[in-house]
Amino acid sequence: MVRFDDIVEKASSYITEKDIGALRKAYVFAGQAHKGQVRRSGEPYLSHPLEVTGYLADMRLDKTTLVAALLHDVLEDTDMTPAAIREGFGPEVADLVEGVTKISRVQEVSPEVRRAETLRKIILAMTDDIRVIFIKLADRVHNLKTLRHLDEPKQRQIARETLDIYAPIANRLGMGRIRAELEDLSFRYVAPEEFAKISAAVEPQRKAAEADLEAMTKALEELIAANGLPAEVFSRVKRPYSVWSKMKKRDIGFDQVFDFLALRVITGSVKDCYAILGIIHQRWPHLPQRFRDFVAMPKPNLYQALHTTVITEGRKMFEIQIRTREMHDLAENGIAAHWRYKDEAASTPAGEDRRLHWLREMAALFEEKKNPQEFLRSLQTNLIPEEIYVFTPKGKVIDLPPGATALDFAFKIHTEVGLHAVGARVNGSPAPLKTPLRTGDIVEILTAPDKAPTRGMLRIAATSGARQALRRALDPKSRTSSVALGRRLWEKEVRKYDVPTALRREEEMAGRLRAALGPKAATLERFYQQAGVGRIVIDEKLIKAVFGPVPPRKPGLLGKAAARLIPRPGQRVRIEDLESQGIKLAKCCSPVKGEPVVGYLTAGQGLTVHSLRCPLVTREILDPLRLVDVTWAPSFAGTFKARLVVKSKDSPGVLARVAAAVAGLGGDIFKAEASTRGEGRARIRLDIRIRDTAQLEAISRKISGLKEVVSVERD
């Protein structure tokens, strides 16, 4: 157990005697606040803040952080108030303690929502003062060390949350030491069987490796000394969690983990790093595909080192990392080390640090997208610091996450470049914007001033930054179409009832809607927009809630006849342009222009068009209250997908003749599958692109006319 005197001994090497006095005052305050409290382990509660503060003192963090660490649990677990901390220790310490406390107070039942809410609070707290996360990470390390005293479900929950949230954040901030502890401490609780297997495999190898590592360390030290270069050499065996993670991610066996044995060379300058690399490659052959220069091209979390894997005379493989002392400090402690070099007067160092560009991006994303699932998906991408490196034609390095496309590259260059992008050249060859990029690609983006972004580009973009920019650009158009659709749906429903004219006036109607629905109908436009995207269902129940018990309208004979023959204006939604109207065609039935269709309002997604032959419609699975009358506008032009199943005799050339029939009528086959059924029968499945049902029927008739064909059906 860490004692206060241990903290003083660590901290006195880099903070003043006056600062030690502030620490002592915080220690007394925390002791009084936690007096009589005991942890599950049976230790006095004060042992926990002492352990956390000791951990942060090892990282040489400033006095304010250490004071806040000693006090970090008093708001959550005692009767102390923020005002008392503010009065005794100042606003900076009070804000840090409140920031840590807010992260802990997440009570959501759903694990997914809980994770999103925890991440949101962490991100918002970090944008205020990055030191909040230093305290929270140290707090989590000590809690994991005492996790054995909790019941199994709680152990799994805390360990899973650590691997999902805290370890990736530590990784993104370049805090390698704390990330490794979080992962290893959590691993045994999240996957106990895998932990046991990996540990059983690693331990014998570790014992066998000690002699190999000792011999290699000595050989490397002698080689470096013989060349007159200053350096220290350290060795290590790969951690169980790191081994398991690599095996899982790359789908490889234990014997394919080439960096199981590793040595680290720490030297004085970048020049010495490259000099040592040169003499190592002269002495031992290296694996070219395993060489990484993170000095010239640092990782997004600013990690720097030279990595190489060599093969010794005994056919042993060793990974060797070469870095300067400053690089080593930054690799171990990440932004915490970088933060120490800043002026202490800057209370929000996050503003200038490149590591935190993603943090500001995520904070802005959450403001725009409150949906927990979308927020988590975006964070998943942004918390993974393994990047690819591509180049502009002028040689500038652009880092992107794995899976990023040329469109993501365009937005990384500049938002306007992304919004007006029409294509790309990758390594000198023309390429579409959806092209996935690889490290080393040279990418040029082609733009056109009259090009406008489309909703389809959202499916191409892999990075949250690109998607965020696209949504901002598309939202006005999308909102306008949603408002127009919502207005039509409302007017259609109101027309069914004998609502007095006075109640239909916009001012009166707006007030009644606001009273019935609250914030969803703060304005008429917001109400229409919410109805247009399916978040408000317009039905008889809503009409009565807004207007009271109004009677249904009874049309005369002429009106009934007209209603049967000619739909009233606005009574049906005309499908004119999918993108501008915010309408989608259902993938389950792939409706084609010309066939009977129905619209369905999906909450938060707008209007989806289904064919009346769709199983979801015929089996009455769709909620009838969300069904909307739709019809194809004669002017609507588009390409549709349809599937035909052709049953025929199994004779030579039948597939070619069927394909010729489709092509002869302007159809485009994009997928064809043929199989034999025995007894001289065959089955051909065609996925084709067509203009409308008239063209589809013509194609079906032509195929049916072939002498080998038995039947043609639409699937």
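The values are calculated or read from the model by the stated rules, or taken from the named source; none is laboratory data. Quick caveat, the model's predicted, so the values are computed rather than measured. Note that we place each Cβ from the backbone using ideal geometry, even for glycine, and neighbour counts take in every protein chain shown.
With the structure loaded, tell me whether Leu474 is modelled with pLDDT of 85 or more, under 27 Å from Lys584 (Cβ atoms), surrounded by 14 or more Cβ atoms within 10 Å (Cβ to Cβ) and out of contact with any strand residue (DSSP E or B) (no Cβ under 9 Å at 6 or more places or on another chain) or whether it fails that test. When the stated conditions are applied, Leu474 does not pass them. Of the residues making up region 186-223, those that are at pLDDT 85 or above and polar (S, T, N, Q) number 2. Looking across region 666-684, just one residue is under 21 Å from Glu595 (Cα atoms) and of a type in the set (D, E, K, R), and that is Asp668. Identify all residues within region 638-665 that are within 16 Å of Arg691 (Cβ to Cβ), more than 42 Å from the chain's Cα centre (by Cα) and not aliphatic (A, V, I, L, M); write none if there are none. Selection gives Gly664 alone.
Taken over region 640-678, the criterion of being under 18 Å from Glu713 (Cβ atoms) and among the β-branched types (Val, Ile, Thr) is satisfied by Val645, Val646, Val654, Val658, Val662, Ile669.
Checking each residue in region 299-316 for being buried (at least 19 other Cβ atoms within 10 Å of the Cβ) and either free of Cβ contacts under 8 Å to residues at least 60 places away in the same chain or not assigned by TED's automatic domain parsing to the domain that holds Asp212 (or both) picks out Gln304, Ala305, Leu306, Thr308, Thr309, Val310.
Quick grid of which residues meet (1) within 28 Å of Ala337 (Cα to Cα); (2) surrounded by fewer than 16 Cβ atoms within 10 Å (Cβ to Cβ); (3) among the basic types (Lys, Arg); (4) outside the structural domain of Met247 (by TED's automatic domain parsing):
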position	(1), (2), (3), (4)
Asn143	yes, no, no, yes
Glu152	no, yes, no, yes
Pro168	yes, no, no, yes
Ala215	no, yes, no, no
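Out of Val2, Val74, which single residue is of a type in the set (A, V, I, L, M) and out of contact with any Leu (no Cβ under 8 Å at 6 or more places or on another chain)?
Being of a type in the set (A, V, I, L, M) and out of contact with any Leu (no Cβ under 8 Å at 6 or more places or on another chain) holds for just one of Val2, Val74, which is Val74.
All told, Gln205 falls short of being without any contact (Cβ under 8 Å) to a residue 60 or more places away in the chain, in a helix (DSSP H, G or I) and not assigned by TED's automatic domain parsing to the domain that holds Val243.
Quick check on Glu43: is it assigned by TED's automatic domain parsing to the domain that holds Pro91, under 33 Å from the mean Cα position of the chain (by Cα), surrounded by fewer than 23 Cβ atoms within 10 Å (Cβ to Cβ) and not β-branched (Val, Ile, Thr)? So Glu43 does not fit the description; no. Among the residues making up region 220-257, a single one is touching a residue at least 60 places away in the same chain (Cβ under 8 Å) and surrounded by fewer than 17 Cβ atoms within 10 Å (Cβ to Cβ): Ser245. Residues that are without any contact (Cβ under 8 Å) to a residue 40 or more places away in the chain, of a type in the set (D, E, K, R) and in a helix (DSSP H, G or I) within region 137-159 comprise Arg148, Glu152, Lys154, Arg156, listed in sequence order. For Thr435, the requirement of being modelled with pLDDT of 90 or more and touching a Lys or Arg at 6+ places or on another chain (Cβ under 7 Å) is not met. I'm trying to understand the selection: among the residues of region 259-309, which are under 19 Å from Ala211 (Cβ atoms) and under 36 Å from the mean Cα position of the chain (by Cα)? Of everything in region 259-309, those that are under 19 Å from Ala211 (Cβ atoms) and under 36 Å from the mean Cα position of the chain (by Cα) turn out to be Asp259, Phe260, Leu261, Ala262, Leu263, Arg264.
Selection over region 13-30 of residues that are of a type in the set (Lys, Arg) and closer than 18 Å to Ala94 by Cβ gives a count of 1.
Where in region 399-502 are there strands (runs of 3 or more DSSP E), lying wholly inside it, with at least 2 residues that are without any contact (Cβ under 8 Å) to a residue 24 or more places away in the chain and of a type outside the set (Gly, Ala, Ser)? In region 399-502, the matching strands (runs of 3 or more DSSP E) lie at 421-426. Could you check, for region 56-67, whether at least one of its residues is closer than 16 Å to Ser104 by Cβ, modelled with pLDDT of 90 or more and under 37 Å from the mean Cα position of the chain (by Cα)? Within region 56-67, none of the residues are closer than 16 Å to Ser104 by Cβ, modelled with pLDDT of 90 or more and under 37 Å from the mean Cα position of the chain (by Cα). Leu627 fulfils the conditions (1) out of contact with any strand residue (DSSP E or B) (no Cβ under 8 Å at 6 or more places or on another chain); (2) under 30 Å from Trp490 (Cα atoms) except for a single criterion, (1).
Of all residues in region 60-78, those that are under 15 Å from His48 (Cα atoms), of a type in the set (D, E, K, R) and crowded, with 20+ Cβ neighbours inside 10 Å total 1. For region 611-630, indicate whether the set of residues that are of a type outside the set (A, V, I, L, M), at pLDDT 85 or above and within 36 Å of the chain's Cα centre (by Cα) is non-empty. Yes, region 611-630 contains at least one residue that is of a type outside the set (A, V, I, L, M), at pLDDT 85 or above and within 36 Å of the chain's Cα centre (by Cα).
Scanning region 54-89 for residues that are without any contact (Cβ under 8 Å) to a residue 60 or more places away in the chain and assigned to a helix (DSSP H, G or I) yields a total of 17.
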